[in-house]
């Protein structure tokens, strides 16, 4: 019996630059700062609380599961790059536009 290797296509991926403002009075999108989406979060920047809140907020905003989001860079910074699995860059821009967040392009 021979084994046949099955090659699966990688799911689409997009990235989103975000700028986080922790300890805000409420969770909200504050618009675009350059090419980054500014997000205000009530969570403090302690023990990953703001990172977890950021991923939960973005998952809700984009109607995705949190497992589809990953912080690529900036885990200890206010400036982060988020990888979004399951969406193309165009689909990401379309979802943001539906929320009234016309992209910076």
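The values are calculated or read from the model by the stated rules, or taken from the named source; none is laboratory data. Source: prediction; values computed, not measured. In this analysis, Cβ positions are derived from the backbone assuming ideal geometry, glycine residues included, and neighbour counts consider all displayed protein chains.
Data for the structure
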quantity: Some residue of the stretch 22-29 being under 15 Å from the mean Cα position of the chain (by Cα), under 16 Å from residue 83 (Cβ atoms) and in a strand (DSSP E or B); calculated: no
quantity: Residues that are in contact with a strand residue (DSSP E or B) (Cβ under 7 Å, 6 or more places away or on another chain) and buried (at least 17 other Cβ atoms within 10 Å of the Cβ), drawn from the stretch 72-94; calculated: 74, 80, 82, 84, 87, 92
quantity: Pair list, Cβ < 6 Å and 6+ apart or interchain, from the stretch 77-105 residues that are farther than 14 Å from residue 30 by Cα to residues that are part of a loop (DSSP other than H, G, I, E, B) and modelled with pLDDT of 95 or more; calculated: 80/74
quantity: Failed item, numbered, when residue 63 is tested on (1) touching a residue at least 12 places away in the same chain (Cβ under 8 Å); (2) surrounded by fewer than 15 Cβ atoms within 10 Å (Cβ to Cβ); (3) farther than 17 Å from residue 14 by Cα; calculated: (3)
quantity: Test: residue in the stretch 2-22 that is at pLDDT 95 or above and loosely packed, with under 10 Cβ neighbours inside 10 Å; calculated: no
quantity: The stretch 38-60, residues that are buried (at least 16 other Cβ atoms within 10 Å of the Cβ) and in a helix (DSSP H, G or I); calculated: 50, 51, 53, 54, 55, 57, 58, 59
